[in-house]
Amino acid sequence: MNQEKIDRINALARKSKAEGLSEEEKKEQALLRQEYIANVRANLRGQLNNIDVINPDGSIENLGEKYGNKRRRS
């Protein structure tokens, strides 16, 4: 997500608090928030998939290989 979209999310949030939003602006805000949340989740998932854990026996286990490929619930 680019900075322009993040700035738009913030502008809509400020306007919502100050004077309220039109129906079109509310829809735009909801879509932008959904996109932002999807990006945050994807970034977090990417980070978690790159974590290595050292087991007590000394072996290294990648959590992405162990858990990352499982089907997510909707």
Legend entry - Selection count, the stretch 29-48, where residues are free of Cβ contacts under 8 Å to residues at least 24 places away in the same chain and basic (Lys, Arg): 2
Inset, instruction - Kindly indicate whether Glu65 is in a helix (DSSP H, G or I), exposed (fewer than 12 other Cβ atoms within 10 Å of the Cβ) and acidic (Asp, Glu). - result: yes
Legend entry - One residue from Lys17, Lys26 being surrounded by 11 or more Cβ atoms within 10 Å (Cβ to Cβ) and without any contact (Cβ under 8 Å) to a residue 60 or more places away in the chain: Lys26
Legend entry - Selection status of Glu35, loosely packed, with under 10 Cβ neighbours inside 10 Å, in a helix (DSSP H, G or I), of a type in the set (D, E, K, R) and modelled with pLDDT of 95 or more: no
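The values are calculated or read from the model by the stated rules, or taken from the named source; none is laboratory data. Keep in mind the model is a prediction, meaning the values are calculated, not measured. Using ideal geometry, Cβ is built from the backbone for each residue, glycine included, and neighbour counts are taken over all protein chains shown.
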